[in-house]
Each structure stands twice: as C-alpha cells, then as structure tokens.
C-alpha cells in the first residue's frame with residue numbers, strides 16, 4: 001500500500017469518527033431533555049400514582065387500606081414507601097405492611113392482618129385480641145371465639161392485653177362440658193378474684209392470675225366432681241395447693 005492510499009484511509013476513518021460524534025450529541029441532548037422533563041414533572045406534582053393495588057386483606061376492605069396508605073394521586077417521586085407503611089400500620093388490625101412504588105404510576109400495598117384469638121368485652125365495648133394481646137376491630141364477627149368479660153378496665157382498639165390472659169381464656173373455654181360435668185357459661189376478669197370461670201347452673205371457679213391455669217382447673221375439677229349433687233357456690237383455687245370452696249358441707 002502506497003503512502004497516499006494509507007493517508008486516504010486515515011482520512012476516511014477520521015471522517016467516520018466525526019460523524020459518529022456529531023450523531024451522539026443530539027442523542028445526548030434528547031436524553032438530557034427527557035431527564036429534565038421528568039424532573040420538572042416530579043417537582044410540579046405530575047406523574048401521580050393512579051393505581052394502588054392491595055393484597056393480603058381479608059377482614060379489612062381494600063378502600064380502608066388505600067385510604068390509610070394515602071398514596072392516591074401523590075407523585076411517584078414524592079411518595080415514600082416507608083411513610084406509607086407507617087400509615088397502614090396505624091390500622092390496629094394490620095400486623096405487617098409492605099409498600100412498593102413502581103414507575104410510572106403504581107403502588108403495591110401488601111398487608112398481614114391480625115388474627116382474632118378471643119373477644120374482649122368491657123365497658124368500652126367489644127374488641128378482638130390476637131395471640132399477642134393486641135386489641136383491634138374490623139371485619140365480620142368471629143363466631144366461636146371465647147369471650148373474656150373484662151371488669152378491670154375499659155379496653156379500646158390499640159390497647160394491649162396480657163398475652164397470658166388470652167392463652168388462659170382459650171384454655172378455659174376449650175374445656176369440654178364433661179370435664180366439669182357442666183359447660184362453662186362465661187369467663188370474667190375481676191379486680192378481686194382475677195380470672196373467674198362460671199359453670200352453667202353450678203359454681204364459679206376463682207382462678208386468680210393467668211399462670212398455671214391448667215393446674216388450677218384440674219384442682220377445681222376434683223372438687224366440683226367430688227361434690228356433684230351438692231350445693232356449691234364457688235371454688236377458689238387461686239392458691240391451688242390450698243383450695244377453698246363454699247359451702248363446706
């Protein structure tokens with residue numbers, strides 16, 4: 001190859017590089033313009049979230065959760081998932097919440113609801129308690145749940161009950177009628193005697209604190225069965241080692 005031919009090839013390559021550079025400049029300008037437009041849209045409140053999808057809800061309605069999340073029509077650039085999660089967790093019936101914000105205009109809200117373990121009835125009304133003692137409302141009535149009649153305090157949504165009381169209420173309520181020879185009519189939490197289980201047509205069982213409830217129930221059972229057919233007003237097993245009952249004969 002002659003020197004002249006080599007020079008021509010070098011000149012051609014240089015022209016191609018200049019053309020490529022010239023073409024890349026307007027493309028970079030377009031990208032920058034799009035980025036500036038998106039930034040301007042964000043700052044002006046455009047690109048609002050139009051679709052809030054709720055999953056995991058059974059007792060609460062989707063509209064309740066969407067309202068709590070407060071993401072509808074908020075700019076995707078201004079909305080924060082963490083703040084939305086905190087707002088959803090403000091619903092007492094929600095145990096966990098996860099929010100994901102997606103471009104261009106969508107938000108996903110996934111919740112785990114609390115599961116009612118018992119009903120708590122007090123002067124403030126009726127609420128559910130989960131196994132951790134969190135009190136909440138929402139959704140349909142939970143048929144078949146044990147009810148604890150709390151005479152010690154006004155129990156409201158957002159409060160907490162000792163989880164041991166929840167477990168003890170379930171332990172008492174699940175005793176079959178054959179266990180005492182009589183069904184359990186209702187369960188109360190009192191200031192004087194603590195937990196009290198009333199047998200239908202029979203005595204009340206004064207159990208005291210929520211500890212060792214199974215052992216206390218067994219101690220009460222022995223007395224109830226031994227006095228079958230006799231008058232028995234109450235059996236006090238708050239101290240199960242020294243139970244007391246009335247009348248004595």
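Where a number appears in this text, it was derived from the coordinates with a stated rule and is not lab data. Because the structure is predicted, anything quoted here is derived from the model rather than measured. A quick note on method: Cβ atoms are made from the backbone with ideal geometry, for glycine too, and the neighbour counts reach across all protein chains shown.
Can you work out the FRET efficiency for the pair residue 175 and residue 55, with r the C-beta to C-beta distance and R0 = 41 Å, to the nearest 0.05? Approximately 0.60, to the nearest 0.05. Subtracting the Cα-Cα distance of residue 241 and residue 73 from 0.36 nm times their residue separation leaves 54.0 nm of extension gain.
When the alpha carbon coordinates of the stretch 93-249 are projected onto the principal axes, the ranges are 80, 28, 25 Å, largest first.
Once the piece of chain linking residue 231 and residue 160 is laid out straight, how much longer is it, given 0.36 nm per residue of separation minus the C-alpha distance between them? Between residue 231 and residue 160, full extension yields an extra 21.7 nm. Once the C-beta distance of residue 80 and residue 167 is scaled by a Förster radius of 45 Å, the resulting FRET efficiency is 0.75 to the nearest 0.05. In plain terms, the residue of 95, 216, 230 with the fewest other Cβ atoms within 10 Å comes first and the most crowded comes last, giving 230, 95, 216. With neighbours defined as other Cβ atoms within 10 Å of a residue's Cβ, the residues 205, 215 order from fewest to most as 215, 205. Calculate the FRET efficiency for residue 96 and residue 152 from the Cβ-Cβ distance with a Förster distance of 22 Å, rounded to the nearest 0.05. The value I calculate is 0.15.
Label-to-label distance, residue 123 versus residue 190, with points set 7 angstrom from Cα along the beta-carbon direction: 1.7 nm.
As a proxy for reagent exposure, ranking 98, 82 by other Cβ atoms within 10 Å from fewest up yields 82, 98.
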